[in-house]
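Novice: So that we are looking at the same thing, I have put the structure below in structure tokens.
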Amino acid sequence: MLNPFEPVTIAGPEGEQTLTRPLRLGATLSAFPARSALIVDEQTSLTIFMPNLAVSSVSDDDVLHSANRFAIETPLGWEIIAARDVTLVGAHEYALSHLLRGLDGTDIYQADPLASGARILWLGSGVETLALSADWRGTSVTVTGMTQSRAAQATDLIWQDLAGVPLHPVHATWDSQRLSWIGRDRAFTGWESDADHLRYRVRLYRGETIETVDTTQTFIETSEFDRAEIVQLGPDGRESLMPETLNVGGA
């Protein structure tokens, strides 16, 4: 955010990254209701104020491949969205619509609704990845910043590594013999119903008994249960933050 801008070197416990472009930070000018992360949000139009923003509408294909992404600060965390349509509506004011919501597992950080005046960050400038090993997950990480002329005060952050947590499955159904669901690939290029690179853990609740099944299939054969919880597993065995839940038998 330096004005005039000069490169900033950000250092963490395992390396550093140089930022060569300034951030574009603004504020929302309208309320922002929570919406499903499973479908395109065609109902919401979010008006934002963001000086020096250089962004325009993109195609459906481009918005699915990480174009026009923004992070919005809520009381719970930062929700990441993408906007297919961007319209200039005033001086430094834009209307964002045809939205993808809760990207990269951030649907848990939605507010309902989020009042206007929230900070919003464009992820197309001034944002880089600072590499950390898995050992730092959930711990305090000290980050410092330095330019040729001055140093920033060190900041301590809790690194949750949300991007490394797998998405949760969706659309669980049971036909009295087979429990099935749909897994999701983080690339978000489409629904994956039979991708063997995705793994799942199913918990079946029957009274006081819990049965756990790990599988690479998107279904299991099972007898009646009270409740099923299905999570997706990452390569390191991490579970999705939210399970897909199905209640059966009046539980």
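Novice: List every residue pair whose Cβ atoms lie under 6 Å apart, where the two residues are 6 or more positions apart in sequence or sit on different chains, the first residue falls within region 156-175 and is within 20 Å of LEU103 (Cα to Cα) and in a strand (DSSP E or B), and the second residue, located anywhere, is open to solvent by 30 Å² or more (accessible area, probe 1.4 Å) and among the acidic types (Asp, Glu).
Specialist: From residues that are within 20 Å of LEU103 (Cα to Cα) and in a strand (DSSP E or B), the pairs are VAL170/GLU244.
Novice: Take the conditions assigned to a strand (DSSP E or B) and either exposed (fewer than 13 other Cβ atoms within 10 Å of the Cβ) or at negative phi (or both) and apply them to VAL63. Does it pass?
Specialist: Judged against the criteria, VAL63 is not a match.
Novice: Still on this structure, please answer the following. For ILE81, are the conditions met, namely being closer than 23 Å to ASP112 by Cα, touching a residue at least 12 places away in the same chain (Cβ under 8 Å) and touching a helix residue (DSSP H, G or I) at 6+ places or on another chain (Cβ under 7 Å)?
Specialist: yes
Novice: Counting only residues that are touching a Lys or Arg at 6+ places or on another chain (Cβ under 9 Å) and at pLDDT below 90, how many does region 138-169 have?
Specialist: Result for region 138-169: 9.
Novice: Would you point out the residue of region 176-202, among those that are open to solvent by 60 Å² or more (accessible area, probe 1.4 Å) and part of a strand (DSSP E or B), that is modelled with the highest pLDDT?
Specialist: ARG178
Novice: Quick one: which strands (runs of 3 or more DSSP E) sit completely within region 72-143 and have at least 2 residues that are surrounded by fewer than 15 Cβ atoms within 10 Å (Cβ to Cβ) and in contact with a Phe, Trp or Tyr (Cβ under 7 Å, 6 or more places away or on another chain)? Steps first, please.
Specialist: Working: elements: 78-90, 93-100, 119-122.
Strands (runs of 3 or more DSSP E) meeting the threshold: 78-90.
Novice: Do you know which residues across region 149-185 are farther than 21 Å from ASP107 by Cβ, out of contact with any Phe, Trp or Tyr (no Cβ under 9 Å at 6 or more places or on another chain) and polar (S, T, N, Q)?
Specialist: SER149, GLN153, THR155, SER176, GLN177, listed by residue number.
Novice: Moving on. Which one is surrounded by the fewest Cβ atoms within 10 Å (Cβ to Cβ), of the residues in region 217-241 that are of a type in the set (Asp, Glu) and in a strand (DSSP E or B)?
Specialist: GLU221
The values are calculated or read from the model by the stated rules, or taken from the named source; none is laboratory data. Here the structure is a predicted model, which is why all the values come from computation and not from measurement. Note that each Cβ is placed from the backbone with ideal geometry, even for glycine, and that neighbours are counted across all protein chains shown. Note: areas computed on protein heavy atoms with side chains; ligands, DNA, RNA excluded. Shrake-Rupley method; radii C 1.70, N 1.55, O 1.52, S 1.80 Å.
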